[in-house]
């Protein structure tokens, strides 16, 4: 009942293929929910449905009690933050202007914007001096920090992260994962995270939903999934993620 | 005398003023919009505000220039304002301009009227007059000479082969014919002539009239078509082959004029009938070609001899300045129109679908119409006619495709993640376009504008064909007079201008393309 987002029997077809099939999902407030599964299992489609980039064929999606539909989506988008793999920063704008674009369009006061940027730079450990750089002048890790800041500018109720660290090298990734966990804990941020990396899901997620072929096959903690896999796919997915070599 | 001329170009001068005045610190876009709307307004309105002088047209050859000058001076002697649009094109362009009211008077030949314009070969003068008047056109009595078509050869060549008549050509299939495009297509031209005389030469080339004389004198061709009063016949020492089967119709020179012309003006024109015989016409033609001063040749007709005419005294610098200014006006205004129309069309086209394909299809088809044909198609339409306006519209149509296509592809090439990030930020479609998509596509859009600008600078040389001026003016008169120096006076500045425009846009890239995209 306390969930921020509800999916009820949601299906989505791309051509004749099901991207999602009768998905039921709740995203609990203040928690990090991690969607995990192999490529093409439909996990990104769940985020794209919430943002309104695609529209469900059947079923219903509610955000804070309001149904996501063409009439409501513009208002709902302002309450979301969305971070994608490459950051999605606009190359023609500096880091600062990428951050100020949305609040300026929504006519936030200048001093409020400045204060918020100050806060977020501290929170995300992004150097103030790099704000004047263009995306192409930033490192991959810095770009993702700016992208995270941009998503958090208007204090969204829901943060959607679509494989945000997948393109980063391992050292940078670990740092960012650690920082993200700290930030979300401090903000008590509701997060829906998409990843294909089980350790990442285990580290960040309060709850994990494992998906395959457009369905959610099992929910719970990593320990639950490992101890009581509901089917053969879950067992294989968990064991494959341990890797070839035990270090 | 020049008051009429200035009032006709008033639109341009007003537009000029506005560009100069708006060189303050307001944003580029508001300046551009102001400039455009203002120039469009002046441009459209000026023709309606001022009382027009009598506009005399001429075809692009010496005799037509000289006769038009004679008409102009004859009108001016009767205190009627007159303006001469030199060398506007061939028969169709002049005829349509006269019917459409773009011009009021031009010199024509009875044979052309019967064969080409009215399609009534062999009609009597009275019949022609009736048929013309049904179209609102009147005709003077003939001016006193017959300038019919003729086939000419170099004297040495014809003597060597013993050729005197057109029939003699039948036995010499090896001779190369270089004929004007108009003669090749005329109903009283090459095809019926070759049938009548049963000529089947091995080679028949289409060549410009003036260039044909050069080719003839160099021996590159053996036979060409000419007008019987052509000054070049004497200058090059050519012989006219006798039309032994009497194929060529009579080409008596007359003036055609709109029958709405005020009676003092039509009287002044009719007073010229039977006042010029063949020898006199050849002499006037010859003088005009030698001095390249048609006005002076015409004044000689009125018995005025002079050494310094105001036209000759115009320095090259002034002429160049006038040509370049007009050239930039033509290319600049048409480019601005193309941007204003092309950008929104490109945005719509970028969405694809039937509408998008239609837009790209139509602009693409326009591009494939040869520029000369497009000009000829626009001239007879109401509102267009022989004017800078027509040239600007033609250039605008040509400039459209690169801008539309580059805008559409520039927008389509924006990567999906960026497109979706913009949507996810909750921006409206208009905000996304203005703040994100257009800046991201700016490089491609500017490249399209640059292409259009360079195309327009090049194509604007053709504007001179319909009397719109610009750097095409010296190129075309140079071509007509077979004068390479005059051609270069236009061609070199036009090429430099194109380079300069290219350079200017390269600079503009640095200002208008966001720095983040140039890393």
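Any idea how many residues of the stretch B:482-510 are crowded, with 17+ Cβ neighbours inside 10 Å and either within 14 Å of another protein chain (Cβ to nearest Cβ) or farther than 22 Å from residue B:453 by Cα (or both)?
The total comes to 3.
Where in the stretch B:316-378 are there helices (runs of 4 or more DSSP H), lying fully within it, with 3 or more residues that are closer than 18 Å to residue B:466 by Cα?
Fully inside the stretch B:316-378 and qualifying: B:316-350, B:371-378.
Just for the stretch A:164-200: of the residues that are under 13 Å from the mean Cα position of the chain (by Cα) and more than 15 Å from residue A:152 (Cβ to Cβ), which one is surrounded by the fewest Cβ atoms within 10 Å (Cβ to Cβ)?
First pass over the stretch A:164-200, keeping only residues under 13 Å from the mean Cα position of the chain (by Cα): A:164-166, A:177, A:180-181, A:184, A:189-196, A:200.
With more than 15 Å from residue A:152 (Cβ to Cβ) added as a condition, the list becomes A:165-166, A:177, A:194-196, A:200.
Numbers: A:165: 25, A:166: 15, A:177: 19, A:194: 26, A:195: 25, A:196: 17, A:200: 21.
If we take residues in the stretch A:164-200 being under 13 Å from the mean Cα position of the chain (by Cα) and more than 15 Å from residue A:152 (Cβ to Cβ), then A:166 is surrounded by the fewest Cβ atoms within 10 Å (Cβ to Cβ).
Show me the strands (runs of 3 or more DSSP E) found entirely inside the stretch A:163-247 where at least 2 residues are touching a residue at least 24 places away in the same chain (Cβ under 8 Å) and farther than 21 Å from residue A:50 by Cβ.
Counting at least 2 such residues, we get no strands (runs of 3 or more DSSP E) at all.
What residue, of B:449, B:457, B:513, B:423, is within 13 Å of another protein chain (Cβ to nearest Cβ), at pLDDT 90 or above and surrounded by 16 or more Cβ atoms within 10 Å (Cβ to Cβ)?
B:423
Can you find a residue that is within 11 Å of chain B (Cβ to nearest Cβ) and over 20 Å from residue A:156 (Cβ atoms) anywhere in the stretch A:64-80? Lay out the reasoning, then the answer.
We begin by selecting, within the stretch A:64-80, every residue within 11 Å of chain B (Cβ to nearest Cβ); these are A:73-80.
Still in the list and also over 20 Å from residue A:156 (Cβ atoms): none.
No, that holds for no residue.
Can you go through B:182, B:159, B:174 and tell me which one is under 29 Å from the mean Cα position of the chain (by Cα) and not assigned by TED's automatic domain parsing to the domain that holds residue B:61?
B:182
For residue B:478, indicate whether it is outside any helix (DSSP H, G or I), assigned by TED's automatic domain parsing to the domain that holds residue B:510 and closer than 30 Å to residue B:231 by Cα.
no
Just to be sure I understand, how many residues within the stretch A:143-162 are without any contact (Cβ under 8 Å) to a residue 60 or more places away in the chain and surrounded by fewer than 21 Cβ atoms within 10 Å (Cβ to Cβ)?
Residues meeting the conditions: 1.
Can you name the condition, by its number, that residue B:348 falls short on among (1) free of Cβ contacts under 8 Å to residues at least 12 places away in the same chain; (2) in contact with a helix residue (DSSP H, G or I) (Cβ under 7 Å, 6 or more places away or on another chain); (3) within 14 Å of chain A (Cβ to nearest Cβ)?
(3)
What's the total number of residues in the stretch A:148-158 that are touching a helix residue (DSSP H, G or I) at 6+ places or on another chain (Cβ under 6 Å) and not in a helix (DSSP H, G or I)?
Qualifying residue count for the region: 1.
Checking residue A:92 against (1) farther than 29 Å from residue A:46 by Cα; (2) at the interface with chain B (Cβ under 10 Å from one of its Cβ atoms); (3) part of a helix (DSSP H, G or I), only one condition comes out false. Which one?
So the condition that residue A:92 fails would be (3).
Within the stretch B:249-256, identify whether any single residue is modelled with pLDDT under 85, under 30 Å from the mean Cα position of the chain (by Cα) and under 21 Å from residue B:108 (Cβ atoms), and answer yes or no.
Scanning the stretch B:249-256 turns up at least one residue that is modelled with pLDDT under 85, under 30 Å from the mean Cα position of the chain (by Cα) and under 21 Å from residue B:108 (Cβ atoms).
For the stretch A:125-135, indicate whether the set of residues that are at positive phi, surrounded by 12 or more Cβ atoms within 10 Å (Cβ to Cβ) and more than 9 Å from every other protein chain (Cβ to nearest Cβ) is non-empty.
The answer is yes, given that some residue of the stretch A:125-135 is at positive phi, surrounded by 12 or more Cβ atoms within 10 Å (Cβ to Cβ) and more than 9 Å from every other protein chain (Cβ to nearest Cβ).
How many of the residues making up the stretch A:99-124 are within 14 Å of another protein chain (Cβ to nearest Cβ) and either in a loop (DSSP other than H, G, I, E, B) or over 22 Å from residue A:193 (Cα atoms) (or both)?
Number of matching residues: 9.
Here's the yes/no breakdown for (1) without any contact (Cβ under 8 Å) to a residue 40 or more places away in the chain; (2) buried (at least 20 other Cβ atoms within 10 Å of the Cβ):
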residue: A:42; (1), (2): no, yes
residue: A:46; (1), (2): no, yes
residue: A:52; (1), (2): yes, yes
residue: A:67; (1), (2): yes, no
residue: A:87; (1), (2): no, yes
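The values are calculated or read from the model by the stated rules, or taken from the named source; none is laboratory data. Since this is a predicted model, take the numbers as computed values, not measurements. Positions of Cβ are generated from backbone atoms using ideal geometry, with glycine treated the same way; all protein chains shown enter the neighbour counts.
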